[in-house]
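Peer 1: Would you mind keeping the following structure in view while I ask a few things?
The values are calculated or read from the model by the stated rules, or taken from the named source; none is laboratory data. Being a predicted model, the structure only gives us computed values, none of them experimental. Note: ideal-geometry Cβ built from the backbone for every residue, glycine included; neighbour counts use all protein chains shown.
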Amino acid sequence: MKIGVVTFPGSLDDGDAARAARIAGAEVVRLWHADPDLHGVDAVVLPGGFSYGDYLRCGAIARFAPVMETISAAARDGMPVMGICNGFQILCEAHLLPGALTRNQHLHFRNRDQWLRIENSDTAWTNHFTPGQEILIPVKNGEGCYVADQRTLDELEANGQIVARYIQGNPNGSTRDIAAVRNTAGNVLGIMPHPEHAVEALTGPSLDGLGFFSSVLKHLAGVGVPA
Amino acid sequence: MARVVVDVMLKPEILDPQGQAVANALPRLGVNDVASVRIGRRVEIDFAGEVDLERAREIADKLLANPVIEDYEIRVVEAV
């Protein structure tokens, strides 16, 4: 299984995302923002960082990168895509996920290990978890406050599209403690904290992040097989 | 030069922590009668030829503002 990791100018966590995918057992293909070719990958990770310097709004310019046009089309056709942090912002700007991410309510950058509760395991990226499972992965963002209008939020709740919530403290003021959301189909996931930084005991607070990468491998292995 | 100005503001229902931080600093200037401060962005677009309002609206809608959280206003001004 090939997982593509995109590098935009200003991406920071592409190396860690590639490493995490490799540790989970995937063949990793590095994708470049200016190259629209996905080089035969089965899934894509949009990593954290500050694509295009976060100019205008986080993710606003990356959305128009040549690689994103191909990824958007593939995502609409069901290819699994996970956006982490800046990648989540890009997915919202590209309208692949509802809502938007705004400046942390308290204006401070937050960098710490964060407990999350997995609310929905019915996605390509979280099927490895059980609903209600609590995991610990790092969070590090300045603009991670998830917002959407009330109607959208109610729809997300009703459809089970809220995939993870912050517990034991909300690091950025995110509405309804939302840490991760998915599209209706469940192939596109946006998550503000960083699973790719929690895949090895030496450097991470846990190995919980690996679950996202093993989930997509499991999903890809089962594609076409009726549930 | 033909100039279009686009003002982008957070929608009223979206919290503006930056504006709040500025409002909270005002008492230090001795200003105590300000109820609220909201911060937006002004974008100036200079067309090489005639003003193309349709095109400007497209730029504002697709790139300059995120309609999920922001409103925008467009006007043509005399460029100096």
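Peer 1: Does residue A:59 qualify as being of a type outside the set (Lys, Arg), within 22 Å of residue A:15 (Cα to Cα), within 13 Å of chain B (Cβ to nearest Cβ) and not in a helix (DSSP H, G or I)?
Peer 2: Against the criterion (of a type outside the set (Lys, Arg), within 22 Å of residue A:15 (Cα to Cα), within 13 Å of chain B (Cβ to nearest Cβ) and not in a helix (DSSP H, G or I)), residue A:59 qualifies.
Peer 1: Shifting gears a bit: Looking for something among the small types (Gly, Ala, Ser), in contact with a strand residue (DSSP E or B) (Cβ under 7 Å, 6 or more places away or on another chain), away from every other protein chain (no Cβ under 14 Å) and buried (at least 19 other Cβ atoms within 10 Å of the Cβ) - is there at least one such residue anywhere in the stretch A:146-166?
Peer 2: Yes: the stretch A:146-166 contains one or more residues that are among the small types (Gly, Ala, Ser), in contact with a strand residue (DSSP E or B) (Cβ under 7 Å, 6 or more places away or on another chain), away from every other protein chain (no Cβ under 14 Å) and buried (at least 19 other Cβ atoms within 10 Å of the Cβ).
Peer 1: If I go through the stretch A:69-91 residue by residue, how many of them are in contact with a strand residue (DSSP E or B) (Cβ under 8 Å, 6 or more places away or on another chain) and outside any strand (DSSP E or B)?
Peer 2: The qualifying residues number 12.
Peer 1: Within the group B:59, B:74, which residue is within 13 Å of the chain's Cα centre (by Cα) and either part of a helix (DSSP H, G or I) or buried (at least 17 other Cβ atoms within 10 Å of the Cβ) (or both)?
Peer 2: Matching residue, one of B:59, B:74: B:74.
Peer 1: Return the residues of the stretch A:12-50 that are surrounded by 17 or more Cβ atoms within 10 Å (Cβ to Cβ) and among the small types (Gly, Ala, Ser); say none if nothing qualifies.
Peer 2: A:17, A:18, A:20, A:21, A:24, A:26, A:43, A:48, A:49
Peer 1: Would you confirm whether any residue within the stretch A:28-44 is hydrophobic (A, V, I, L, M, F, W, C), under 23 Å from residue A:220 (Cα atoms) and within 13 Å of the chain's Cα centre (by Cα)?
Peer 2: yes
Peer 1: Which condition breaks for residue B:16 when tested against (1) among the acidic types (Asp, Glu); (2) closer than 22 Å to residue A:106 by Cα; (3) at pLDDT 95 or above?
Peer 2: (3)
Peer 1: Still on this structure, please answer the following. Which count do you get for residues in the stretch A:107-131 that are surrounded by fewer than 14 Cβ atoms within 10 Å (Cβ to Cβ) and over 25 Å from residue A:223 (Cα atoms)?
Peer 2: 5
Peer 1: Right, another one. What residue, among those in the stretch A:5-56 that are assigned to a strand (DSSP E or B) and among the charged types (D, E, K, R), is nearest to residue A:201 (Cα to Cα)?
Peer 2: Selected residue: A:27.
Peer 1: Next question. Can you find a residue in the stretch A:183-190 that is away from chain B (no Cβ under 14 Å), buried (at least 24 other Cβ atoms within 10 Å of the Cβ) and closer than 19 Å to residue A:102 by Cβ?
Peer 2: no
Peer 1: If you don't mind, another one. Mind checking which pairs have a first residue in the stretch B:1-29 that is more than 9 Å from chain A (Cβ to nearest Cβ) and a second that is surrounded by fewer than 15 Cβ atoms within 10 Å (Cβ to Cβ) and among the basic types (Lys, Arg), Cβ under 6 Å, 6 or more apart or different chains?
Peer 2: Here the result reads B:5/B:75; B:7/B:42; B:19/B:38, each pair linking the stretch B:1-29 to a residue that is surrounded by fewer than 15 Cβ atoms within 10 Å (Cβ to Cβ) and among the basic types (Lys, Arg).
Peer 1: Can you list the strands (runs of 3 or more DSSP E) lying wholly within the stretch A:152-211 that have 2 or more residues being farther than 28 Å from residue A:74 by Cβ?
Peer 2: The strands (runs of 3 or more DSSP E) meeting that bar are A:162-166.
Peer 1: Which condition does residue B:36 not pass, out of (1) more than 12 Å from every other protein chain (Cβ to nearest Cβ); (2) in a strand (DSSP E or B), if it passes all the others?
Peer 2: All conditions pass for residue B:36, except number (2).
Peer 1: Pairs needed: first member in the stretch A:80-109, in contact (Cβ under 8 Å) with a residue 40 or more places away in the chain and more than 13 Å from chain B (Cβ to nearest Cβ); second member anywhere, β-branched (Val, Ile, Thr) and assigned to a loop (DSSP other than H, G, I, E, B); C-beta distance under 9 Å; at least 6 residues apart or different chains.
Peer 2: Sorted first by the residue in the stretch A:80-109, then by its partner, the pairs are A:80/A:123.
Peer 1: Follow-up. Look at residue A:178 and say whether it is touching a strand residue (DSSP E or B) at 6+ places or on another chain (Cβ under 7 Å) and farther than 21 Å from residue A:100 by Cβ.
Peer 2: no
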